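The values are calculated or read from the model by the stated rules, or taken from the named source; none is laboratory data. Since the structure is predicted, the reported quantities are computational estimates derived from the model, not experimental observations. With ideal geometry, Cβ positions are generated from the backbone for all residues, glycine too; neighbour counts draw on all protein chains shown.
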């Protein structure tokens with residue numbers, strides 16, 4: 001029985017076994033998820049020109065060969081240009097939509113939220129086919145990198161909206177009211193009160209969009225036309241077999257995505273330190289100048 005000393009010991013022993021079993025199962029899941037990535041990175045340094053086992057030696061030759069491929073360089077430049085444009089559009093539109101969604105007095109805000117985030121729920125294949133039909137047959141627009149920017153922005157903007165909206169819902173509106181009482185207009189309230197408090201969310205949304213755009217394949221494949229982005233270049237090269245050069249390119253893409261994610265975690269913390277210092281300096285200046293402006297009794 002559980003009330004007896006022997007029963008408590010049995011229950012504790014079973015609890016330890018369950019915890020160890022769950023920990024072992026979690027380790028197996030992590031190994032299953034990350035072992036292909038580790039294997040990909042290892043094979044990118046393999047001297048074997050077939051990009052497979054056995055590992056005959058270690059070399060950086062496949063990374064240096066990237067600089068000798070004009071097609072690959074063009075694909076990288078195209079991906080970066082598209083990612084920057086998509087990030088700019090999605091950040092501006094998503095942030096503005098978040099303000100409208102959170103601070104408006106719409107009767108069916110939940111319905112509008114679902115409508116705004118619908119591109120996240122729809123499969124990328126359907127979005128790509130729909131945009132291809134609309135752009136080519138509906139509007140008669142020639143497929144290019146500009147159509148890719150439009151298509152990716154449709155998909156990535158809801159992510160910025162959700163991130164910024166979550167920050168705005170926890171925003172203390174009394175800070176804006178206090179700024180208004182001190183004489184700040186709408187522009188100054190947004191610049192000095194709202195933007196510093198939601199800046200980390202906007203920045204995180206922008207980095208998230210940049211990573212999604214850089215890795216996007218399905219929607220881009222339908223509406224890019226004759227241009228080639230980095231994921232499409234990797235896909236076309238895999239048709240002829242996986243080579244160490246492709247492993248090297250994929251490794252760089254993984255490192256870039258992880259680096260952007262790390263920046264999203266580190267930069268907001270680094271920015272807080274100088275911001276606190278500037279605020280303290282401003283408060284000190286105001287404290288020193290306040291007595292001088294007081295009129296004598």
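Listing for the model above:
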| quantity | calculated |
| --- | --- |
| Of the criteria (1) within 30 Å of residue 60 (Cβ to Cβ); (2) in contact with a helix residue (DSSP H, G or I) (Cβ under 6 Å, 6 or more places away or on another chain); (3) free of Cβ contacts under 8 Å to residues at least 24 places away in the same chain, which one residue 266 fails | (2) |
| Matching residues, segment 113-135, being within 19 Å of residue 146 (Cβ to Cβ), in contact with a helix residue (DSSP H, G or I) (Cβ under 8 Å, 6 or more places away or on another chain) and either assigned to a loop (DSSP other than H, G, I, E, B) or without any contact (Cβ under 8 Å) to a residue 60 or more places away in the chain (or both) | 119 |
| Test for residue 233: is it part of a helix (DSSP H, G or I) and buried (at least 19 other Cβ atoms within 10 Å of the Cβ) | yes |
| Some residue of segment 156-166 being over 19 Å from the mean Cα position of the chain (by Cα), at negative phi and surrounded by 13 or more Cβ atoms within 10 Å (Cβ to Cβ) | no |
| Qualifying residue in segment 183-204 (condition: within 25 Å of residue 34 (Cα to Cα) and within 21 Å of the chain's Cα centre (by Cα)) | yes |
| Boolean, residue 205 is modelled with pLDDT under 80, surrounded by 12 or more Cβ atoms within 10 Å (Cβ to Cβ), in contact with a helix residue (DSSP H, G or I) (Cβ under 7 Å, 6 or more places away or on another chain) and assigned to a helix (DSSP H, G or I) | no |
| Verdict on residue 110 being surrounded by 13 or more Cβ atoms within 10 Å (Cβ to Cβ) and either under 21 Å from the mean Cα position of the chain (by Cα) or part of a helix (DSSP H, G or I) (or both) | no |
| Residue 88 being in a helix (DSSP H, G or I), free of Cβ contacts under 8 Å to residues at least 12 places away in the same chain and under 20 Å from the mean Cα position of the chain (by Cα) | yes |
| Those residues of segment 25-64 which are assigned to a helix (DSSP H, G or I) and within 14 Å of residue 250 (Cβ to Cβ), in sequence order | 36, 37, 38, 39, 40, 41, 42, 43, 62, 63 |
| Residue count for segment 172-195, restricted to those that are surrounded by 12 or more Cβ atoms within 10 Å (Cβ to Cβ) and not in a helix (DSSP H, G or I) | 1 |
| Residue selected from segment 41-58 under the condition at pLDDT 80 or above and surrounded by 14 or more Cβ atoms within 10 Å (Cβ to Cβ), by the criterion nearest to residue 247 (Cα to Cα) | 44 |
| Filtered residues of segment 67-93 (kept if surrounded by 14 or more Cβ atoms within 10 Å (Cβ to Cβ) and more than 24 Å from residue 152 (Cβ to Cβ)) | 69 |
